[in-house]
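Notes follow the structure.
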Amino acid sequence: MLTSEKARPSVLPEPRLPDAAAHAFLSSLKKPTRLLVAISGGSDSTGLLLALKQALETANHPLPHSLCAVTVDHCLRADSTKEARAVKALCERLSIPHRILDWTGEKPLSGLSAAARNARYGLLAQAADTLAADAVVTGHTLDDQVETIAMRAERSTEAALGLSGMACATLYERRLWVLRPFLQTTREAIRTFLTDAGETWIDDPSNDDTRSERVRVRNLRLEPDLAAITRTGQARRELSAQAAGWIARHARPVGMQAIQISLADTPAPTEAVRHALSTLVAILGGRPHRPAKTALDRLTTHLARNGDFALTLSGCLIVRRKTSLFLTRERRGLLPLPLPAGERRIWDGRYEIANHAGTDLIVAPGPSMVIAADLPHRMRTAIMANTPHIQTSEGKNDISGDDFTITPRLSLFDPFLPDFELALADEIARLLDREPAIACPV
């Protein structure tokens with residue numbers, strides 16, 4: 001997938017130049033779209049804004065697309081406010097509506113990068129609402145793709161999945177598509193494009209800080225293999241589709257909390273079956289990541305023996321009886337959650353619960369309303385204590401159903417759903433009686 005400059009292959013597919021990438025992206029949009037460009041002032045995002053602007057002005061696109069822009073000021077550097085204002089001036093010169101949104105409040109002492117990322121996407125979604133945008137576009141480049149793949153290959157327990165890199169389209173929190181038109185465009189080409197246009201950009205000093213893993217990987221000067229990246233992305237898409245098809249044929253819900261899978265014609269777990277099972281285990285356990293390969297191997301080893309068994313994996317109880325496999329959330333580690341009036345909170349990674357009442361409530365674990373009598377005993381025992389119950393702050397159960405809304409949540413996909421996994425996510429949403437993802441714009 002990645003090679004050093006010394007071992008560079010003699011022939012590489014040609015990356016797209018910025019103007020060509022912008023034209024191709026706009027042509028791929030299925031309907032008139034208002035695009036929110038996330039622009040920091042760096043070369044990548046500035047190049048994206050300018051390329052899209054020029055493409056809309058010079059090409060005869062059949063659909064009337066429009067642009068707006070937002071700069072997220074993380075308020076982590078002394079010059080960040082001045083830089084945001086410089087971006088605002090650029091957008092005013094280009095006649096593009098622009099907003100600056102600050103990441104306010106106390107910053108964490110550890111995990112700052114992840115916290116900043118989460119804050120950034122939350123603010124992008126807020127800006128999309130304010131500016132009536134249909135999707136966000138970011139300036140992630142082919143260089144970013146190479147770095148992402150290298151980092152994931154180094155540490156991921158899902159290395160084969162990580163090698164597909166960033167998706168061209170990712171759904172954020174089930175409500176906003178984030179699109180990446182420049183994933184086949186190099187940073188060098190973007191900077192040449194800007195220089196030729198007489199435009200400047202801002203260099204973030206943190207891009208030279210070798211304490212950052214990404215900066216250290218960037219300094220390796222890895223070269224991309226576009227053909228391999230494309231093949232791996234397509235392989236992941238096909239794996240997801242195969243896993244979704246297997247679930248559609250073999251899985252069914254049992255009551256509200258359990259899933260039953262028929263193993264009658266699954267003599268040995270294929271890669272698609274492993275992918276399906278690891279995804280189901282993570283989501284039913286409320287986890288944000290699939291189980292590690294070694295843990296999944298333990299499950300498939302039990303399956304290959306064809307005997308009955310029971311085990312827990314990533315918070316999910318798995319029980320086999322004859323040719324049926326049953327899955328549900330195990331009953332350990334389920335804690336009460338305060339639910340203030342008017343707020344939404346996530347309970348156990350599995351449910352998003354909204355409080356419509358005028359008073360504070362509590363979410364507590366309790367029994368499911370329906371527990372099928374033919375479930376294995378261990379499954380029935382777990383379901384007696386793994387379901388969200390809404391109570392008053394005094395612990396009473398006399399709450400009207402109009403006072404709250406409970407929505408199943410796909411812990412693995414709902415924060416960020418890459419379009420590689422769209423088929424699988426929609427099939428699991430069907431199993432859990434939830435609406436599919438909103439349509440992707442491209």
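Within the chain, what is the longest stretch that has no GluC sites (Glu not before Pro) placed in a DSSP loop and near at most 13 other beta-carbon atoms within 10 Å? Write out the running numbers ahead of the final one.
Numbers: sites that count: GLU106, GLU173, GLU343, GLU394.
Segment 174-342 is the longest.
Between LYS293 and ARG216, take the C-beta separation as r, use R0 = 22 Å, and let me know the FRET efficiency to the nearest 0.05. Before the final figure, lay out the partial values.
On the way: r = 25 Å, r/R0 = 1.15.
My answer for the efficiency is 0.30.
Please report the net charge: other residues with Cβ closer than 15 Å to the Cβ of MET369, K and R +1, D and E -1. Walk me through the intermediate numbers first.
Details: positive: ARG380; negative: ASP433.
Neighbour charge sum, excluding MET369 itself: 0.
Calculate one ³J(HN,Hα) per residue across segment 270-277 by plugging θ = phi - 60° into the Karplus curve 6.51 cos²θ - 1.76 cosθ + 1.60, and present them in order as whole Hz with x for glycine and proline.
Rounded to whole hertz, the list is 7, 4, 5, 5, 4, 5, 4, 5.
Run through segment 353-397 and list the trypsin sites (Lys or Arg not before Pro) located in a DSSP loop whose Cβ has at most 12 other Cβ atoms within 10 Å. Intermediate values should be presented prior to the final figure.
Details: sites: ARG378, ARG380, LYS396; in loops: LYS396.
Those that pass, being in a loop and sparsely packed, are LYS396.
Under the rule of at least 5 residues apart or a separate chain, name every residue whose amide H is placed under 5 Å from the amide H of ARG321.
Amide H neighbours of ARG321, under 5 Å, 5+ apart: PHE326.
Residue-wise, which Karplus ³J(HN,Hα) couplings in Hz belong to segment 119-128, taking 6.51 cos²θ - 1.76 cosθ + 1.60, θ = phi - 60°, and x for glycine or proline?
Coupling constants for segment 119-128: 5, 4, 5, x, 6, 4, 5, 4, 5, 4 Hz.
Could you pull out every one of the lysines with an alpha carbon less than 27 Å from that of LYS53, ignoring same-chain neighbours closer than 8 positions?
By straight Cα distance, LYS53 reaches LYS30, LYS31, LYS82, LYS88.
Counting pairs of Cα atoms in segment 82-156, how many percent are more than 16 Å apart? The partial results should precede the final answer.
Working: 1883 of 2775 pairs.
More than 16 Å apart: 68 percent of the Cα pairs in segment 82-156.
What does the charge dipole of the chain about its Cα centre add up to, to the nearest 20 debye, if the Cβ of each Lys and Arg holds +1 and the Cβ of each Asp and Glu holds -1? Walk me through the intermediate numbers first.
Details: 54 positive and 51 negative charges, 254 e Å.
Rounded to the nearest 20 debye, it is 1220 debye.
Using a probe radius of 1.4 Å on heavy atoms only, what accessible surface per residue do you get for the chain? Whole Å² is fine. Before the final figure, lay out each step's value.
Numbers: 21250 Å² over 442 residues.
Heavy-atom accessible area per residue stands at 48 Å².
Provide the net charge surrounding ILE202, with neighbours chosen by a C-beta distance below 12 Å and charges set as Lys +1, Arg +1, Asp -1, Glu -1. Please report the intermediate quantities before stating the final value.
Numbers: positive: ARG77, LYS82, ARG85; negative: ASP44, ASP79, GLU83, GLU199, ASP203, ASP204.
Net of charged neighbours comes to -3.
With a 1.4 Å probe and every protein chain kept in, tell me what percent of the accessible surface of segment 313-442 is carbon plus sulfur. Don't jump to the answer; show the numbers that get you there.
On the way: 3180 of 5970 Å².
Looking at segment 313-442 in its full context, I get 53 percent from C and S.
Over the chain, what is the relative contact order in whole percent, taking alpha-carbon pairs under 8 Å and six or more residues apart? Don't skip to the answer; put the middle values down first.
On the way: 801 pairs, mean separation 71.0, N = 442.
Here the relative contact order equals 16 percent.
Which distance in nm do the two modelled labels at ASP360 and THR381 give, with both placed 7 Å along the Cα-to-Cβ direction?
3.5 nm
List the residues whose amide H sits under 5 Å from the amide H of ARG99, counting only those 5 or more places along or on another chain, with H placed 1.01 Å from N in the peptide plane.
It is ALA69, VAL70, THR71, by chain and number.
If the chain between GLU14 and ARG331 were fully stretched, how many nm would it gain, using 0.36 nm times the residue separation less the Cα-Cα distance? Mind dumping the intermediate values first?
Details: separation 317, 0.36 × 317 = 114.12 nm, distance 5.33 nm.
Extending this stretch completely gives an extra 108.8 nm.
Starting from the Cα coordinates of segment 353-410, work out the convex hull volume and express it per residue in Å³. Before the final figure, lay out each step's value.
On the way: hull volume 5.6 nm³, N = 58.
Cα-based convex hull of segment 353-410, divided per residue, equals 97 Å³.
Take every Cα pair under 8 Å in segment 11-168 that's 6+ residues apart, average their separations, divide by the length, and report that relative contact order as a whole percent.
Values: 195 pairs, mean separation 40.4, N = 158.
Dividing the mean separation by the residue count of segment 11-168 yields 26 percent.
On a full-extension model of 0.36 nm per residue, what is the gain between THR130 and ARG85, subtracting their alpha-carbon distance, rounded to one decimal in nm?
On the way: separation 45, 0.36 × 45 = 16.20 nm, distance 1.89 nm.
Here the answer is 14.3 nm.
With no solvent and one point on each alpha carbon, what is the Debye value of log10 I(q)/I(0) for segment 283-442 at q = 0.12, 0.17, 0.19 Å⁻¹?
-0.62, -1.12, -1.28
If you average the alpha carbon positions of segment 108-146 and of segment 338-380, how far apart do those two centres end up, in angstrom?
Answer, in whole Å: 30.
Cut-off 11 Å, label point 7 angstrom out along Cα-to-Cβ of LYS31: give me the residues of segment 396-439 whose amide nitrogen falls inside.
From segment 396-439, the list is 439.
From the gyration tensor of the Cα coordinates in segment 77-121, what semi-axes in whole Å does the equivalent ellipsoid have, largest first, with each one equal to sqrt(5λ)? Don't skip to the end; give the middle numbers.
On the way: eigenvalues 135, 27, 12 Å².
Value: 26, 12, 8 Å, ordered largest first.
Quick one: Karplus J couplings for segment 101-113, per residue in order, coefficients 6.51, -1.76, 1.60, θ = phi - 60°, nearest Hz, x for Gly and Pro?
10, 9, 8, 9, x, 6, 9, x, 7, 10, x, 5, 4
Return the percentage of antiparallel bridges among DSSP beta bridges fully within the chain, rounded to the nearest 5 %.
Values: 46 of 62 bridges.
Around 75 percent antiparallel, to the nearest 5.
Based solely on its DSSP helices, what 222 nm [θ] is calculated for the chain when runs of n ≥ 4 H residues each add -39,500 (n - 2.57) and the sum is averaged over all residues, nearest 500 deg cm²/dmol? Write down the numbers at each step before the final one.
Working: 13 runs with 162 residues, N = 442.
One gets -11500 deg cm²/dmol as the mean residue ellipticity at 222 nm.
Taking only the alpha-carbon positions of the chain and ignoring solvent, what does the Debye formula give for the base-10 log of I(q)/I(0) at q = 0.12 Å⁻¹?
-1.12
Loop only per DSSP, at most 16 neighbouring Cβ atoms within 10 Å: give me the trypsin sites (Lys or Arg not before Pro) in segment 52-151, ordered by residue number. It would help to have the intermediate numbers written out before the result.
Working: sites: LYS53, ARG77, LYS82, ARG85, LYS88, ARG93, ARG99, ARG117, ARG120; in loops: ARG77.
Those satisfying the criteria are ARG77.
Between ALA78 and LYS107, what length comes free when the chain is fully extended (0.36 nm per residue of separation minus the Cα-Cα distance, one decimal in nm)?
Numbers: separation 29, 0.36 × 29 = 10.44 nm, distance 1.49 nm.
8.9 nm is the gain from fully extending ALA78 to LYS107.
Given Cα pairs under 8 Å that are at least 6 residues apart, what percent is the relative contact order of segment 345-442? Write out the running numbers ahead of the final one.
Values: 109 pairs, mean separation 28.1, N = 98.
Reported as a whole number, the value is 29 percent.
The values are calculated or read from the model by the stated rules, or taken from the named source; none is laboratory data. None of the values given here were measured: they were computed from a predicted structure. So basically every Cβ, Gly included, is an ideal-geometry build from the backbone, and we count neighbours across all protein chains shown. Keep in mind that these areas ignore ligands, DNA and RNA; they rest on the heavy atoms of the full protein, side chains included. Shrake-Rupley method; radii C 1.70, N 1.55, O 1.52, S 1.80 Å.
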